[in-house]
1. Test Ala15 against the criterion of being under 23 Å from Pro68 (Cβ atoms) and not in a loop (DSSP other than H, G, I, E, B), and give yes or no.
2. Is at least one residue of region 1-8 surrounded by 13 or more Cβ atoms within 10 Å (Cβ to Cβ), within 12 Å of the chain's Cα centre (by Cα) and either assigned to a loop (DSSP other than H, G, I, E, B) or among the hydrophobic types (A, V, I, L, M, F, W, C) (or both)?
3. Could you list, in sequence order, the residues of region 57-70 that are touching a residue at least 12 places away in the same chain (Cβ under 8 Å), in a loop (DSSP other than H, G, I, E, B) and loosely packed, with under 14 Cβ neighbours inside 10 Å?
4. Taking region 10-41, which residues are surrounded by 14 or more Cβ atoms within 10 Å (Cβ to Cβ) and either modelled with pLDDT under 95 or touching a strand residue (DSSP E or B) at 6+ places or on another chain (Cβ under 8 Å) (or both)?
5. Can you tell me which residues in region 37-56 are within 10 Å of the chain's Cα centre (by Cα), among the hydrophobic types (A, V, I, L, M, F, W, C) and not in a loop (DSSP other than H, G, I, E, B)?
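The values are calculated or read from the model by the stated rules, or taken from the named source; none is laboratory data. This structure is a prediction, so every number in the text was calculated from the model and none was measured. Cβ atoms come from the backbone with ideal geometry, glycine included; neighbour counts cover every protein chain shown.
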Amino acid sequence: MNMEYECRLEEIIKAGGWKKGYIADRAGIHRSTLTLILKGQMPYLHVALMISDVVGIPVQDIWVKKEPPT
């Protein structure tokens, strides 16, 4: 079963007034890794948890499960 998720990280970063480089640096990931995540690549769990910790928002509120079309 393939579950799809919508990444809300871009809007969370903008709402927080952060720069992407700041988030990447604080999460301990390369800036190019953050770019890939923002383009839709799913991060490894430990990376998602580090990003979640930096922005102060639970992982499930950053990557939201898409509802199947009705």
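1. When the stated conditions are applied, Ala15 does not pass them.
2. yes
3. Lys66
4. Ile37, Leu38, listed by residue number.
5. Hits for region 37-56 are Ile37, Leu38, Val47, Ala48, Leu49, Met50, Ile51, Val55.
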